Amino acid sequence: MQLRLGPWTIGLAISGMVWMTAAAQTATAPGAAAPPATAAPPAAAAPAATVELAYLGLAVKRTLPLSYLDQPPTDDGLQGARLGLADDQTTGRFIQQNYHLTEATAPDEDGVVAAFERLAAAGEKIFITDLPAPLLIRIADLPQAKDVTLLDATAEDDMLRADGCRANVLHLLPSRAMLADALMQYLAVKKWRNILLVSGPNPEDKAYADAIRHAAAKFQIHIVADKPWTYDPGARRTDTGHYAIEAEVARFTQGLSYDVLVVADEGDNFGDDLAYRQTDARPVAGTQGLVPSAWARPFEQWGGTQLQSRFLKQAGRWMTDRDYGAWMAVRAIGEAAAHGGSTDPQAIGQFMRGANFELAAFKGARLSFRAWDGQLRQPVLLADARSLVSVSPQPGFLHQFSELDTLGVDQPETSCHMK
């Protein structure tokens, strides 16, 4: 009869045997240990804590530079903050931290104040600011700003690190004093100790020239002549415009003996016209020519190429100083949250101001904030349009605590009294 069993009957029998075998294996024999309990599913990972950031900017209409080769970007600074946010998110994924950036720009000062008040009322405690110095002070002095941290990403004014300093403000870009010191250190090392200083009429030009004068005295650089630039070239784009400029620059520099022409022209109104047109062949430095800056297009050292390429891919243009300042601001927040072990805004602000804070910013040094004026100490690049020439502080300029403090206003010299 077994031979007459059909395939279906055989299959059922086999299935029964398999089921019986499995049942036998799971049965507990007398005296045997009980089978292990089924493992509980793993606990769900804790949700990532979110650090809220706000970018507060004044939408300033940029003036056209002397040349059409470099048009001012409309998202200067903001793109740097966005790249910094992406970097913070990359790190945060490994330590259960998340970052969110709210962007707020306004066309006038009252609009910026209103935006700040609205964001502060919504609970924002950490702001990356892209504001001129007077407006930054106005924001910092508001009652709503008493317990917030303002990271000044774009202002270079020495006043903000001196009599206008505020306890709730940290500064990311080098001050004009730091830029000027970086250049004068290099001239001292090269033994180019005689300079002609040429400054423009704008307030920013005069502030830069003041920083050069102070740095020259500090590093024993002699200013053989200090001359304002007053020439208006008029129709510089006419067929003969370059002849008129060449003649004026030659006349302007005639009869002067100097090693370097140092120009203070932050608005790019005339500085590029000076090179190759002087009576005597001399290099140009300052706001044009050999430029001290936080960041530079030709910079590639210490992994700088990696940051350059990532920014270029994101923004479709080269990183500017303002972009770099905003990137450092957002990265400083991420570093403080990661190494301080807290996403609380107050704890982040305190850690950034503390002795244990360090920021890696592709400059071959660990950067930190000065306790006396909130300035981020950092190397300053010296570059022209096509190459990195040097990096200050220069070898041989020593300091009892940090060689980076040979740039800018040191603690014994500061007039900052935190309010």
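The values are calculated or read from the model by the stated rules, or taken from the named source; none is laboratory data. Remember, it's a predicted structure, so these values are computed and weren't measured experimentally. Cβ: placed from backbone, ideal geometry, glycine included. Neighbour counts: every protein chain shown. The accessibility values were calculated without ligands, DNA or RNA, using every heavy atom of the protein model including side chains. Shrake-Rupley method; radii C 1.70, N 1.55, O 1.52, S 1.80 Å.
For residue 360 and residue 108 in the same chain, what is the full-extension length gain: residue separation times 0.36 nm, less their Cα-Cα distance, in nm?
Here the answer is 87.3 nm.
Could you run the Karplus curve 6.51 cos²θ - 1.76 cosθ + 1.60 with θ = phi - 60° over the range 299-316 and give me ³J(HN,Hα) per residue in whole Hz, x for Gly and Pro?
So the J values, rounded to whole Hz, are 5, 9, 6, 6, x, x, 4, 4, 5, 4, 5, 5, 5, 4, 5, 6, 9, x.
Please give the FRET efficiency for residue 163 paired with residue 227, using the beta carbon to beta carbon distance and R0 = 30 Å, rounded to the nearest 0.05.
For R0 = 30 Å, the calculated efficiency reads 0.55.
Cut-off under 27 Å on the C-alpha distance; same-chain residues fewer than 8 positions from residue 190 excluded. Which lysines are left, in chain and number order?
206, 218, 227, 363
Going by Cα centres, the range 71-111 and the range 255-300 are how many Å apart?
A separation of 33 Å, based on Cα centres.
Just to confirm a number: summing +1 for Lys and Arg and -1 for Asp and Glu over residues other than residue 355 whose beta-carbon lies under 15 angstrom from that of residue 355, what do you get?
+1
Could you tell me the distance between the Cα centroids of the range 127-182 and the range 328-354, to the nearest Å?
Here the two parts' Cα centres lie 18 Å apart.
List the residues, sorted by chain then number, that are 5 or more residues from residue 380 or on another chain and whose placed amide H is less than 5 Å from its amide H.
Those qualifying (amide H under 5 Å, at least 5 residues apart or on another chain) are 392.
Only residues of the range 285-315 count here: report those whose backbone N is under 19 Å from the spot 7 Å along Cα→Cβ of residue 210, or say none.
Under cut-off, by backbone N: 287.
I need the phi-derived Karplus couplings for the range 124-135: 6.51 cos²θ - 1.76 cosθ + 1.60, θ = phi - 60°, integer Hz, Gly and Pro marked x.
Each residue of the range 124-135 in turn: 5, 10, 10, 10, 9, 10, 10, 9, x, 4, x, 6 Hz.
In the range 199-322, what percent of the accessible surface is made up of carbon and sulfur (1.4 Å probe, ligands and nucleic acids excluded)?
Percent of accessible area from carbon and sulfur atoms in the range 199-322: 51.
Which order do the peptides 280-290, 319-329, 85-95 take when ranked by the mean count of other beta-carbon atoms within 10 Å per residue, highest first?
319-329, 280-290, 85-95
Compute the Cα gyration tensor for the range 62-143, then decide on rounded, prolate or oblate, letting a ≥ b ≥ c be the square roots of its eigenvalues: rounded whenever a/c is under 1.5, prolate when a/b is larger than b/c in the other cases, and oblate in all that remain.
Oblate, since a/c reaches 1.5 and b/c is not below a/b.
Would you tally the net charge around residue 306, using a Cβ to Cβ cut-off of less than 12 Å, leaving residue 306 out, and scoring K and R as +1, D and E as -1?
Its environment carries a net charge of 0.
Going by average Cβ density within 10 Å per residue, which order do the peptides 181-189, 52-60, 200-208 take, highest to lowest?
Going from most to least packed, we get 181-189, 52-60, 200-208.
Under the 0.36 nm per residue contour assumption, what length would be gained going from the current alpha-carbon distance of residue 59 and residue 275 to full extension?
Additional length available on full extension: 74.5 nm.
With a ≥ b ≥ c taken as the square roots of the eigenvalues of the C-alpha gyration tensor of the range 138-254, please select rounded if a/c is under 1.5 and otherwise prolate if a/b is larger than b/c or oblate if it is not?
Oblate, since a/c reaches 1.5 and b/c is not below a/b.
Give the accessible area for residue 125 in Å² (nearest 10); use a 1.4 Å probe, count only protein heavy atoms, and leave out ligands, DNA and RNA.
Approximately 60 Å² for this residue.
Would you mind classifying the range 211-314 by shape? Square roots of the alpha carbon gyration tensor eigenvalues, ordered a ≥ b ≥ c; an a/c under 1.5 is rounded, otherwise it is prolate if a/b is larger than b/c and oblate if not.
Since a/c reaches 1.5 but b/c is at least a/b, the shape of the range 211-314 is classed as oblate.
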